[in-house]
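Inspection log for the structure reproduced underneath, given as structure tokens.
Values quoted throughout were computed directly from the atomic coordinates according to the rules given, and no laboratory measurement underlies them. Because the structure is predicted, anything quoted here is derived from the model rather than measured. Because the Cβ atoms are built from the backbone with ideal geometry, glycine has one as well, and the counts that use them run over all protein chains shown.
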């Protein structure tokens, strides 16, 4: 009950924020002169809450894109509206409605997570508001017939098998334990891994995500007595850190392999450097250092920190929308057409979209990262088969 | 269903279940004490618990200069533990007292309806947990491993670590001290008197407000120690863990018989092992389902919980 109350309060705060920015936007309209200016793009994702780190990375990427655009177009700046979903599907519909009600918003970067996407995307589709997600990787999102859905990353169908391939071909593990957090994301990833590994999976368990479980002793006992060489965890960094710490404490030294949701400094901070060492993290993201141009430097100059996971793809998603505005897009309908026919370069990849809104499969890159000396460093690109 | 898995892991599931249960029990004492005296469920008690856990981590961080990557052993570890227990117990007791004085006492003076207490309790709980959320930027906080989790002794082939022993022993010692305090000491007699009949107790010259404050304070001390033990066991602290611990500890209190100190211990241990057996048998996703199904079924047959006897009816 307490969490729900907190969410409602958070929701009210965000609504108030949006309402106030909407009011400001209305004011600046008049000064900027009519309909061709004062457009906005929105970011939709968790900026607070237990999974906020990824959302903040993305929001910062979008901020950079908007900042750069506004420097070039000081006479007709674009405003960024950041919608904090706290990663919660419960809140997503109201937030989506807020974005839809603000007619100056021509496109959305997000929703960042798969769960909230499922709640928000139908509303966007109905309203014809384009949304480009930089990190929601659940495969089924592209199969719902939402004409407004696009993503600038691959999906779990590619990330899951890649993790499986890595466990099979690089780690050469014969006995593997698969754990997931029962989320759309975690369970989806774990299912794909199980498909690739088949009979090498000697045990499975499902834990609770979203910070709802802290004691994993039963799972740890199972893993310990299954005597495995590798553990796959489908879920987010918070549970992964707890699991890794408790596994290591119980004397389990098998390598943990996780998806991009684990790829966060908080994973290492909570597990401790020694326990986290050697963990393999797959990601649909190439390293930020691989990003083209001056992205990494510009990001650091603006935010004072290095770009994190999905900062670059979020930047690209925002850039696509901003390119639309640059080319004179004035309505949501025009923006939808623009994105659908988009073909251009970003800092992370080249983008054009399939009928379903997926990015060109040939452009999807999956990387394995490794925790080394307390840092997540690129390990290798994983082949697709 | 994995019956084989349950039996092959039975010993370890029992040990870890008892360890977790001991922590539930320590937190449950706070609910039970306050309920026994005030007939009030102090929802903010979960935050009294995380206060202890956070102050323990901060003691390690700022007093000892340790982080999640530090290795400590020997006397330093003992020093860390003892200092953290003192600081955490004091911090939790302080927060518990503040909650009583700010959120409950004024309402009591104005004879507020029970619903108002419920809402202020939830309100206080949210305020405190959100304060920690903002302070920690909602990120998990790591900490050093102070007590070895390597097997120390084997009982019937089941490995038992120093951490397990420390947690269960500390919890038991705290409970025995509390039990003696409530049943033997002058103040304990005062607490029982107020629990039985507050007005009559007041006529006999007992300062009711002071006793109530003491009850919150005692519950806070226990929760503070529980916070340290939680850290030793889990090793990562997030602002939101209080909510879960609160629900589980409250369940343990009801399971054992709310208002009953020994019931809290029994309920806590029972809940801990039930959860683990369920996880072993059906998979961890069934943990809460099974634990709460057991609670519902048990209350059907024993509506007052296992030991049923309330604080007020303890023999004078």
query: Where in segment A:270-292 does the amide nitrogen come within less than 18 Å of the point 7 Å from the Cα of residue A:360, taken along Cα to Cβ?
result: A:285-286, A:291-292
message: Please compute the modelled spin-label separation between residue B:209 and residue A:274, points set 7 Å along Cα→Cβ, answer in nm with one decimal.
response: 5.2 nm
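Where both partners of a DSSP beta bridge lie in the protein assembly as shown, what percent of those bridges are antiparallel, to the nearest 5? It would help to have the intermediate numbers written out before the result.
Working: 19 of 52 bridges.
Around 35 percent antiparallel, to the nearest 5.
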- request: Could you state the angle between the C-alpha long axis of helix B:74-99 and the longest principal axis of the C-alpha atoms of chain B, as a value from 0 to 90 degrees rounded to the nearest 10?
  value: 30 degrees
Prolate/oblate/rounded call for segment A:170-289, Cα gyration tensor, a/c under 1.5 rounded: rounded
Test item: A:203-216 mean partner chain Cβ contacts at 10 Å: 6
- prompt: Just for the Cα atoms in segment A:223-364, what are the lengths along the principal axes, largest first, rounded to whole Å?
  reply: 61, 36, 23
message: Between 0 and 90 degrees, rounded to the nearest ten: what's the tilt of helix A:92-101 against the longest Cα principal axis of chain A?
response: 20 degrees
message: Can you compute the FRET efficiency between residue A:352 and residue A:302 using 1/(1 + (r/R0)^6), with r the Cβ-Cβ distance and R0 = 35 Å? Round to the nearest 0.05.
response: 0.80
- prompt: If we count other beta carbons within 10 Å of each Cβ, what is the order of A:285, A:37, fewest first?
  reply: A:37, A:285
message: Taking the Cα centroid of segment A:303-323 and of segment A:35-76, what is the distance between the two, rounded to the nearest whole Å?
response: 9 Å
task: Would you give the gap between the C-alpha center of segment B:123-140 and the C-alpha center of segment B:232-266, rounded to a whole Å?
output: 19 Å
message: Below 8 Å, C-alpha to C-alpha, sequence gap of six or more: please give me the relative contact order for segment B:64-191 in percent.
response: 27 percent
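Hey, got the average number of other protein chain Cβ atoms within 10 angstrom for residues in A:228-241?
Values: counts 0, 0, 0, 0, 0, 0, 0, 0, 0, 2, 6, 2, 0, 6.
Whole-number average of other-chain Cβ neighbours for A:228-241 is 1.
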DSSP beta bridge pairing in chain A, given as percent antiparallel to the nearest 5: 30 percent
query: Roughly what would the spin-label model give for residue B:63 and residue A:229, points 7 Å off Cα along C-beta, in nm?
result: 4.7 nm
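Using a Förster distance of 45 Å, how high is the FRET efficiency between residue B:150 and residue B:122, based on the Cβ-Cβ distance and rounded to 0.05? Please list the in-between numbers first.
Values: r = 41 Å, r/R0 = 0.92.
E(calc), rounded to 0.05, equals 0.60.
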- prompt: Could the peptides A:189-198, B:59-68 be put in order, highest first, of the mean number of other beta-carbon atoms found within 10 Å of their residues?
  reply: A:189-198, B:59-68
- request: Once you have the Cα-Cα distance between residue B:102 and residue B:82, take 0.36 nm times their residue separation minus that, and quote the gain in nm to one decimal.
  value: 4.2 nm
task: Give the angle, between 0 and 90 degrees and rounded to the nearest 10, that separates the Cα long axis of helix A:217-226 from the longest principal axis of the Cα atoms of chain A.
output: 50 degrees
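Express the relative contact order of chain B as a whole percentage, based on alpha carbon pairs under 8 Å and six or more residues apart in sequence.
Working: 556 pairs, mean separation 114.8, N = 316.
Relative contact order of chain B: 36 percent.
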- request: Just grab the label-to-label distance for residue B:199 and residue A:342, each label 7 Å out from Cα along the Cβ direction, in nm (one decimal).
  value: 7.3 nm
query: If you rank A:315, B:35 by fewest surrounding Cβ atoms within 10 Å, what's the result?
result: B:35, A:315
task: Find the centroid of the Cα atoms in segment A:337-365 and in segment A:132-189, then give the distance between the two in whole Å.
output: 19 Å
- request: For residue B:298, put the label point 7 Å out on the Cα→Cβ axis and report which residues of segment B:271-285 keep their amide N under 14 Å from it.
  value: B:271-278
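Under the definition of Cα pairs under 8 Å and six or more residues apart, what whole-number percent is the relative contact order of segment A:262-316? Please list the in-between numbers first.
Values: 25 pairs, mean separation 17.4, N = 55.
About 32 percent, as a whole number.
Taking every residue in B:107-114, how many Cβ atoms of other protein chains lie within 10 Å of its Cβ, on average? Walk me through the intermediate numbers first.
Values: counts 0, 0, 0, 0, 0, 0, 0, 0.
The shielding value for this peptide is 0.
Please rank A:342, A:299, A:237, fewest neighbouring Cβ atoms within 10 Å first, as an exposure proxy. Intermediate values should be presented prior to the final figure.
Values: A:342 16, A:299 25, A:237 29.
Ordered from fewest to most neighbouring Cβ atoms within 10 Å, A:342, A:299, A:237 come out as A:342, A:299, A:237.
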message: Given a Förster distance of 60 Å, report the FRET efficiency between residue B:183 and residue A:202 from their Cβ-Cβ distance, rounded to the nearest 0.05.
response: 0.70
- request: Could you give the spread of the C-alpha atoms of the protein assembly as shown along their three principal axes, from largest to smallest, in whole angstroms?
  value: 85, 62, 48
